[in-house]
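First comes the structure, then the notes that go with it.
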Amino acid sequence: MEKCIVWYTLSLKQNMKKIGTWLLLGSMLFLLWVLGNVSIPDGTNGQVAVFYNDTAYQREIENALSSAGSQFAFKEYEDEAAVYKAVEKGEVECGFVFTDDFDDGIEDGDWDAIIRCYTTPFSTKTEVAKENMFAALYPIYSQWLLIETEDEIYRVPDEERLVELLEENKANLGEDLILSIEEVRVEVDGQDEVMVEEPNLYPMQGLVELFVLLAMLLAAGVYAQKETAQIASALLIKEKSRFRYINIISNGTLIAVAGTIAILCSSASRGIGIELLSMFCVLTLGGIFVLGFSKLFRNHLTYLSWVVTFVICFVLFRFGVAGYIAF
């Protein structure tokens, strides 16, 4: 055991002197920083940001949105900048901002561009959210249209008639008088099995795992074996594999430690215990895999080509990309 600790310590010190180790570490930390600062909206996100801008119709629109039975939850924000930031960070599916001339636009009948909609290329349900907003504005539009056209229809203005028309209009908007649809629920066999929750892929953890395995694969390469060949030649046959295994995991240690610290400092952390145990398993079990994998190839170029193949396969399946490929 003492001999293994000495091997591990010396190999770790030697690894820390290599420029390639620090380049690999720097690349990993840079990608972790990029991954931690890029937010892709969740496909199941039902939050929609709204800034009403103190419009006189705010309460009416709020009530219409809340009582519509929509899949969205419309959340009020204090200003336009907050809506923009929420959409940018992926906290909401999209955002609606009522402009300064919203009230004037309604009263003047100029409904063009009185609401701005903030969205991103990753948003998938913006058009549905727009329909919900239109449905909330429709009673206001219907009332305005009735007031504007009452004189044209009846030729002679009549206040009492207009009040009756508005009351009738209000009643119609609150009832299914125009079209009533009977809903029939269809029971599906095995419907409990249909609703499968998508697993959390933990992309930051996957990125660190990839770099740890890559560091160990490079350390187990044909050229890397030549660096330790002199030491290995002085060992007994049963100690050579143990020495190579320790050398492999020592090359992945620095990457694993730095990656774990970065994850623990981020919001993606699953807890210090889980992260440490997970990285320990990656090092120990990954080292066994790399040791066996490296013994399959004697040619340097062949080995590197298979390392590239392994990295591609790891990315496809570890990050769930393979699910988008039709086999």
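The values are calculated or read from the model by the stated rules, or taken from the named source; none is laboratory data. Because the structure is a prediction, the values reported are computed rather than measured. FYI the Cβ positions are ideal-geometry reconstructions off the backbone, even for glycines, and counts take in every protein chain you see.
Out of segment 102-121, which residues are touching a residue at least 12 places away in the same chain (Cβ under 8 Å) and surrounded by 14 or more Cβ atoms within 10 Å (Cβ to Cβ)? If the condition is that a residue be touching a residue at least 12 places away in the same chain (Cβ under 8 Å) and surrounded by 14 or more Cβ atoms within 10 Å (Cβ to Cβ), then Phe102, Asp103, Ile106, Trp111, Ile114, Ile115, Arg116, Cys117, Tyr118, Thr119, Thr120 are the ones that fit. Looking at Leu254, Leu283, Leu304, just one residue is in a helix (DSSP H, G or I), in the same structural domain as Val212 (by TED's automatic domain parsing) and out of contact with any helix residue (DSSP H, G or I) (no Cβ under 7 Å at 6 or more places or on another chain), and that residue is Leu304. Filtered by the rule that a residue be at pLDDT below 80 and not small (Gly, Ala, Ser), segment 1-13 gives Met1, Glu2, Lys3, Cys4, Val6, Trp7, Tyr8, Leu10. Answer with yes or no whether Ala81 is modelled with pLDDT of 85 or more and within 18 Å of Glu127 (Cα to Cα). When the stated conditions are applied, Ala81 does not pass them. Restrict the check to segment 66-75 and report whether at least one residue is modelled with pLDDT under 85, in a helix (DSSP H, G or I) and either in contact with a strand residue (DSSP E or B) (Cβ under 8 Å, 6 or more places away or on another chain) or not assigned by TED's automatic domain parsing to the domain that holds Gln205 (or both). Yes. For segment 65-86, the set of residues classified as within 11 Å of Tyr52 (Cα to Cα) and exposed (fewer than 14 other Cβ atoms within 10 Å of the Cβ) consists of Glu76, Glu78, Asp79, listed by residue number.
Residue count for segment 246-299, restricted to those that are surrounded by fewer than 19 Cβ atoms within 10 Å (Cβ to Cβ) and β-branched (Val, Ile, Thr): 6.
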